Amino acid sequence: MTVLVSIREDVKAARKEILKIQKDIEEIKEHIGTHHDNKESPGPALILPLKTVDDFMDAEPQLQTKAVRCKTVSRFAVVGGGTPEAMIRRVLQSAMTNELAWSFNWAGKGAKRPFKDSTLKDCIFAPLTI
């Protein structure tokens, strides 16, 4: 009998968790929808993955425009991943080639360029803050 009570409590807890997840999903959809349904001119989409440093440098000012930034964030938000780390890894793979990624490190130490101050970094992290 205690096993059944325990199972019933587990089912109730699972239902609550499912409802919370469904609510979170709806909030994410609404947030993405506000970016996706932007009434401004849609603007050109970035051609991803970025392949060269020149591509990256050209993309940075484009990402500072609201339309391109919103489109890019929405695009990254649907990549998904089981964990935030997995999502960032997958987004980075879709955003730039390995050859370009080798040109960067977080702080720009040595001969590499800094990634921490880039607009692309902001677009990559934006779906995680929804």
Are any residues in segment 116-130 more than 19 Å from ASP58 (Cβ to Cβ), open to solvent by 50 Å² or more (accessible area, probe 1.4 Å) and either assigned to a helix (DSSP H, G or I) or touching a residue at least 12 places away in the same chain (Cβ under 8 Å) (or both), and if so, which ones?
PHE125, LEU128, THR129, ILE130
Within segment 45-77, of all residues that are of a type in the set (Ser, Thr, Tyr) and surrounded by fewer than 19 Cβ atoms within 10 Å (Cβ to Cβ), the one farthest from the chain's Cα centre (by Cα) is THR52
Of all helices (runs of 4 or more DSSP H) completely enclosed by segment 55-112, which ones contain at least 2 residues that are within 19 Å of ILE28 (Cα to Cα) and not aliphatic (A, V, I, L, M)?
66-77, 84-95
Of all residues in segment 58-80, which are closer than 19 Å to LEU100 by Cβ, modelled with pLDDT of 90 or more and of a type outside the set (D, E, K, R)?
ALA59, PRO61, GLN62, LEU63, VAL68, THR72, PHE76
Subset of segment 102-115 [under 18 Å from LEU50 (Cβ atoms) and either of a type in the set (Phe, Trp, Tyr) or open to solvent by less than 80 Å² (accessible area, probe 1.4 Å) (or both)]
TRP102, SER103, PHE104, ASN105, TRP106, GLY108, LYS112, PRO114, PHE115
Mind listing just one residue for me: the one in segment 78-96 that is under 11 Å from the mean Cα position of the chain (by Cα) and of a type in the set (Val, Ile, Thr) and, of those, surrounded by the most Cβ atoms within 10 Å (Cβ to Cβ)?
VAL91
Residues in segment 81-105 that are without any contact (Cβ under 8 Å) to a residue 24 or more places away in the chain and touching a Pro at 6+ places or on another chain (Cβ under 9 Å) total 2
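The values are calculated or read from the model by the stated rules, or taken from the named source; none is laboratory data. These figures come from a predicted structure and were not determined experimentally. For neighbour counting, all protein chains shown are included, and Cβ atoms are generated from backbone atoms with ideal geometry for every residue, glycine included. The area values use the complete protein model at the heavy-atom level, side chains included, leaving out ligands, DNA and RNA. Shrake-Rupley method; radii C 1.70, N 1.55, O 1.52, S 1.80 Å.
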